[in-house]
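Engineer: Take a look at this one; I'll ask things after.
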Amino acid sequence: MTMETESTFKDDGINGDGTAAPQSDQAAAEVQGTRVIPSFFSRDSAPEAAVDAPADENSDSMSQFISRTMATVAEAPEPDDDGGFLRAPRSFADVGLSNAFLTDLTLKIMHYSGTPSMSQLAKRLGLAGDIVSQILETLVEDRLIVVLSQSDLYTGNYRYRLSEKGQTRVLEALERTRYAGPAPVPADQYTSVMNKLFEDRQRVSRHEIAEAVKDLVLTSDVSDAVARALFSGKTGLLYGPSGNGKSVILESFARALDGHSYVPFAIYAYGQVIRVFDPSIHVPLDDDPDAGPKEKSKFDRRWVKVRRPAIILGAEMDRGAMDLGYDPQARFYQAPAHIKAQDGVLVVDDFGRQRVTTTDLLTRWLIPLERGWDSLSMATGEKLTVPFRLQLLFATNARVREVADDALLRRILYKVHIPNPDQANFGEILRRECRANAVPVEDDAIEYAAEKLFGEHSAKPRASHARDLVNVLIESAAFDGTNPVLSRGSVDKAISLFITNGAEAEDFDD
């Protein structure tokens, strides 16, 4: 093997601290014009099983992390060309990471994967084979790794393992950070990509909106208002009594969200790694399955093409969900929810019940959304500024004036009231619930149930009461050993079991 470390592994565009060196405006424009973006790791050849990974006190948890990440790397499909967007880095300057960082990352991957080949390392690093080959040549020359064997003359089949010197070096690297996934994307490249994505704004389709409300019975006015709010792509608030479908509308809309976006496995900033790709949230998309190896090699495999992200946060949300999370054991950061949801939708359900004040939550997200960028604070004191755009949607059953003041409410452009159903709509909802659960309906039983709830009980039935009534009816029939039927008698029995009335006040002391 020829080893020319000084000429092949030198990167004048990187500072000594591992950050990208500043460029002139002209140079920056030239780089931006050819800058890369997402691509993936081919399904054609999944990485081989790890061989006797070196023991480590945290090897179990980190090995699980590596396994999950590498499964994504191996299975993530290749995206289409997107018109020249997302080109793979062709040099170390394009990669944008320091020699020291790439050396440490390669050694850590070898530490966790045993004796990988060059082609396996290229897949796991998300970098082109010629770049990885130069890294390996330097590691061999520095006696940090040992060449074990080759199955033929193709250098991609050489297998490597850590030398004693390499094992010492990798332990030092693990003290700095245990991140051992694909090469992270420098913050300036992430910014360029996000700005490009935001320029090509994806409109919500009528189909997505129809999917969000297809199972609900709404008045035409309410349905129209919901459709306009979702179509806008702007911040919106659905409010009104609980049980009338606010959460269902937003969750269905999030699930039906169409289109695609791109997510990096990780971002590199100020010498720190921020993990962004989350397999529990991001769904890789399969594009252009007929593309050949030459076309696939053009893509930047540090990114994943995904279905547009949709994240739903509930009452369990706390302040930590809004900021970078640092793992002191793994020694790298986890991106907050709104960064993982970039270019997609972020839903806050049960707004007003989170373990963070509504004022803090709205201030944290609404103002950055207005200005188009967010500032993330790191434990070391630095602040990372990134582009920020998504659709932020809230659902609450609290009074609107109780969750925010006028100054913040003004920043929520769309506010749609979801009211209780009227008697006719409640009857239709009950009819659908019976049909969905294969419950026969006797003549006039639907009208009787609606009259009973709206009249005799003077209640304000919610849409969810129809579902509750049918569920209680089915379970009561099972208890009695009979088949469930919606009749006057079964309605009376079911209502008495789940609707409270004024008599309950007599059972309690003042």
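The values are calculated or read from the model by the stated rules, or taken from the named source; none is laboratory data. Only a predicted model underlies this, so the values are computations on that prediction, with no experimental measurement involved. For neighbour counting, all protein chains shown are included, and Cβ atoms are generated from backbone atoms with ideal geometry for every residue, glycine included.
Engineer: Answer yes if at least one residue in segment 181-197 is surrounded by fewer than 23 Cβ atoms within 10 Å (Cβ to Cβ), farther than 22 Å from VAL263 by Cβ and among the aliphatic types (A, V, I, L, M), and no otherwise.
Structural biologist: Checked against the condition, which is being surrounded by fewer than 23 Cβ atoms within 10 Å (Cβ to Cβ), farther than 22 Å from VAL263 by Cβ and among the aliphatic types (A, V, I, L, M), segment 181-197 yields no hits at all.
Engineer: Now, a different point. Check segment 453-466 and report whether any residue there is surrounded by 15 or more Cβ atoms within 10 Å (Cβ to Cβ), in contact with a helix residue (DSSP H, G or I) (Cβ under 7 Å, 6 or more places away or on another chain) and over 23 Å from SER242 (Cα atoms).
Structural biologist: no
Engineer: Here is a follow-up. With the structure loaded, tell me whether ALA436 is outside the structural domain of GLY233 (by TED's automatic domain parsing) and under 18 Å from ASP215 (Cα atoms) or whether it fails that test. Walk me through it before giving the result.
Structural biologist: Numbers: outside the structural domain of GLY233 (by TED's automatic domain parsing): yes; under 18 Å from ASP215 (Cα atoms): yes.
Answer is yes for this residue.
Engineer: Which condition does TYR270 not pass, out of (1) surrounded by fewer than 18 Cβ atoms within 10 Å (Cβ to Cβ); (2) modelled with pLDDT under 95, if it passes all the others?
Structural biologist: (2)
Engineer: Please state which one of LYS415, LYS460 is basic (Lys, Arg) and modelled with pLDDT under 95.
Structural biologist: It is LYS460.
Engineer: Grab the helices (runs of 4 or more DSSP H) fully contained in segment 400-466, keeping just those with 3 or more residues being closer than 30 Å to ARG364 by Cβ.
Structural biologist: Numbers: elements: 400-403, 406-409, 423-436, 445-451.
Output list reads 400-403, 406-409.
Engineer: Here's another thing I want to ask about it. Please verify whether segment 324-344 includes one or more residues that are closer than 19 Å to TYR239 by Cα and of a type outside the set (S, T, N, Q).
Structural biologist: no
Engineer: Which of the numbered conditions does ASP221 fail, given that it passes all the others? Conditions: (1) surrounded by fewer than 19 Cβ atoms within 10 Å (Cβ to Cβ); (2) in contact (Cβ under 8 Å) with a residue 60 or more places away in the chain; (3) not small (Gly, Ala, Ser).
Structural biologist: (2)
Engineer: Still on this structure, please answer the following. With the condition being under 18 Å from the mean Cα position of the chain (by Cα), I'd like the strands (runs of 3 or more DSSP E) fully within segment 187-290 carrying at least 3 qualifying residues.
Structural biologist: Here the list reads 260-264, 272-275.
Engineer: Scan segment 383-398 and tell me whether some residue there is farther than 21 Å from ASP200 by Cα, in a loop (DSSP other than H, G, I, E, B) and not assigned by TED's automatic domain parsing to the domain that holds LEU174.
Structural biologist: Checked against the condition, which is being farther than 21 Å from ASP200 by Cα, in a loop (DSSP other than H, G, I, E, B) and not assigned by TED's automatic domain parsing to the domain that holds LEU174, segment 383-398 yields at least one hit.
Engineer: Now a separate question. Looking at segment 160-177, can you tell me whether even one residue there is in a loop (DSSP other than H, G, I, E, B) and either farther than 19 Å from ARG389 by Cα or touching a Leu at 6+ places or on another chain (Cβ under 6 Å) (or both)?
Structural biologist: Checked against the condition, which is being in a loop (DSSP other than H, G, I, E, B) and either farther than 19 Å from ARG389 by Cα or touching a Leu at 6+ places or on another chain (Cβ under 6 Å) (or both), segment 160-177 yields at least one hit.
Engineer: Which ones in segment 251-282 are among the aliphatic types (A, V, I, L, M), touching a residue at least 60 places away in the same chain (Cβ under 8 Å) and farther than 22 Å from LEU376 by Cα?
Structural biologist: ALA254, LEU257 - these are the residues of segment 251-282 that are among the aliphatic types (A, V, I, L, M), touching a residue at least 60 places away in the same chain (Cβ under 8 Å) and farther than 22 Å from LEU376 by Cα.
Engineer: Condition test on ARG307, is it among the charged types (D, E, K, R), closer than 30 Å to SER119 by Cβ and touching a residue at least 60 places away in the same chain (Cβ under 8 Å)? Steps first, answer last, please.
Structural biologist: Values: among the charged types (D, E, K, R): yes; closer than 30 Å to SER119 by Cβ: yes; touching a residue at least 60 places away in the same chain (Cβ under 8 Å): no.
Answer is no for this residue.
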